[in-house]
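K.L.:
The structure that follows is given in the form of structure tokens.
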Amino acid sequence: MASLRSLSCESQIPAELLIASVMQIHASISKLESLKPSKQVNSIFSRLVKLCTIPSSIDITALPQEVQKMRESLIVLCGRAEGLLELEFATFLTKIPQPLNNLSLFPYYGNYVKLSKLEYTILSENGVVQPKKVAFVGSGPMPLTSIIMAKHHLTSTHFDNFDIDEAANDVARSIVASDAEFEGRMKFLTRDIMEVKEQLGEYDCIFLAALVGMSKEEKLTILGHIRKYMKDGGILLVRSAKGARAFLYPVVVEHDLLDFEVLSAVHPNDDVINSVVLVRNSQGYL
């Protein structure tokens with residue numbers, strides 16, 4: 001069996017080696033006393049991310065039941081660790097002058113810049129250039145997508161950021177409060193998106209973060225709810241994952257979006273982890 005060390009960036013990692021390596025990392029993460037950022041936690045998750053971005057032809061749907069259960073557990077652990085990392089950095093930023101000018105201190109800031117540029121390109125190619133009002137569902141304590149979009153791409157758009165965690169929203173508000181223009185264009189709403197109904201009809205475009213709906217059932221329920229209440233002709237941008245990256249994030253495939261008009265599906269092969277699926281809620285199309 002090939003070793004991880006002998007694989008170049010262009011090589012494909014064999015599925016059995018990938019699964020064995022991911023299971024080993026999952027076992028290490030499961031033994032951690034805390035998922036809060038630390039040298040050990042950061043090292044383990046960095047290894048996992050690097051492993052899952054090596055090219056692979058793995059079919060996630062064909063994994064044995066034992067591996068599927070491990071994957072579901074790993075996604076939850078990754079989500080918790082990501083939330084704690086964001087919270088620590090966001091809290092740090094609120095304590096220094098001009099936090100919006102220091103976002104690049106966040107370790108994965110560059111990934112968000114690339115992902116936001118990709119998403120804006122996809123939106124533009126499908127006629128969404130400067131939407132009046134956008135919702136971001138699952139914005140977290142460090143709403144980097146909304147901030148980067150507002151600053152560099154959607155420069156006149158109003159953003160409503162939804163998160164279920166009031167503590168996360170408090171920190172996010174503090175970051176944005178340092179800039180009056182930004183603060184005027186951004187709201188942070190502590191709501192379970194399943195309880196938001198008619199308000200969803202206000203948005204030209206809705207972003208659904210990758211970690212909103214951790215299981216397939218939850219994700220499909222949320223997608224159905226958003227479709228029911230979003231405006232006819234409204235755009236929904238859904239973050240997903242493909243191949244080995246599906247060990248990090250839940251997967252949404254085009255088949256899950258049959259009630260929408262699928263406009264675009266892009267699967268990056270660089271250090272951007274998330275796939276992007278763009279759909280339109282179009283009754284006429286159906």
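The values are calculated or read from the model by the stated rules, or taken from the named source; none is laboratory data. Here the structure is a predicted model, which is why all the values come from computation and not from measurement. Virtual Cβ from ideal backbone geometry, glycine too; neighbours counted across all protein chains shown.
K.L.:
Could you tell me whether any residue of the range 27-36 is modelled with pLDDT under 95, of a type outside the set (S, T, N, Q) and surrounded by 13 or more Cβ atoms within 10 Å (Cβ to Cβ)?
P.N.:
no
K.L.:
Collect the residues in the range 62-82 that are out of contact with any Phe, Trp or Tyr (no Cβ under 9 Å at 6 or more places or on another chain) and within 17 Å of residue 20 (Cα to Cα), keeping them in residue-number order.
P.N.:
Residues satisfying the conditions are 62, 63, 64, 65, 66, 67, 68, 69, 72, 73.
K.L.:
Would a scan of the range 139-148 turn up a residue that is surrounded by fewer than 17 Cβ atoms within 10 Å (Cβ to Cβ) and outside any helix (DSSP H, G or I)?
P.N.:
Among the residues of the range 139-148, not one is surrounded by fewer than 17 Cβ atoms within 10 Å (Cβ to Cβ) and outside any helix (DSSP H, G or I), which makes the answer no.
K.L.:
With respect to residue 183, is the statement that it is surrounded by fewer than 15 Cβ atoms within 10 Å (Cβ to Cβ), more than 19 Å from the chain's Cα centre (by Cα), among the acidic types (Asp, Glu) and over 22 Å from residue 223 (Cβ atoms) true?
P.N.:
It is true that residue 183 is surrounded by fewer than 15 Cβ atoms within 10 Å (Cβ to Cβ), more than 19 Å from the chain's Cα centre (by Cα), among the acidic types (Asp, Glu) and over 22 Å from residue 223 (Cβ atoms).
K.L.:
Of the conditions (1) assigned by TED's automatic domain parsing to the domain that holds residue 207; (2) more than 17 Å from the chain's Cα centre (by Cα); (3) part of a helix (DSSP H, G or I), residue 114 clears all except one; give me its number.
P.N.:
Among (1) assigned by TED's automatic domain parsing to the domain that holds residue 207; (2) more than 17 Å from the chain's Cα centre (by Cα); (3) part of a helix (DSSP H, G or I), residue 114 violates only (2).
K.L.:
Against the definition (part of a helix (DSSP H, G or I) and in the same structural domain as residue 238 (by TED's automatic domain parsing)), how does residue 135 come out, yes or no?
P.N.:
Criteria not met by residue 135.
K.L.:
Also, I was wondering about something else. Among the strands (runs of 3 or more DSSP E) contained in the range 215-286, which hold 3 or more residues that are within 14 Å of the chain's Cα centre (by Cα) and either in the same structural domain as residue 205 (by TED's automatic domain parsing) or buried (at least 22 other Cβ atoms within 10 Å of the Cβ) (or both)?
P.N.:
So the answer is 235-240, 275-280.
K.L.:
Among the residues of the range 5-22, is any under 30 Å from residue 165 (Cβ atoms) and at pLDDT 95 or above?
P.N.:
Checked against the condition, which is being under 30 Å from residue 165 (Cβ atoms) and at pLDDT 95 or above, the range 5-22 yields at least one hit.
K.L.:
Let me ask something additional. Can you tell me which residue is farthest from residue 213 (Cα to Cα) among those in the range 95-129 that are among the β-branched types (Val, Ile, Thr) and modelled with pLDDT of 95 or more?
P.N.:
Filtering the range 95-129 for residues that are among the β-branched types (Val, Ile, Thr) and modelled with pLDDT of 95 or more, the one farthest from residue 213 (Cα to Cα) comes out as 121.
K.L.:
Restrict the check to the range 157-164 and report whether at least one residue is in a helix (DSSP H, G or I), within 23 Å of residue 248 (Cα to Cα) and either touching a residue at least 40 places away in the same chain (Cβ under 8 Å) or not hydroxyl-bearing (Ser, Thr, Tyr) (or both).
P.N.:
no
K.L.:
For the range 88-111, how many residues meet the condition of being buried (at least 17 other Cβ atoms within 10 Å of the Cβ) and not in a helix (DSSP H, G or I)?
P.N.:
Residues that pass the stated criteria total 2.
K.L.:
Picking from 174, 146, 178, 139, which residue would you name as being under 23 Å from residue 97 (Cα atoms), of a type in the set (Gly, Ala, Ser) and touching an Asp or Glu at 6+ places or on another chain (Cβ under 7 Å)?
P.N.:
Just a single option satisfies the conditions, and that option is 139.
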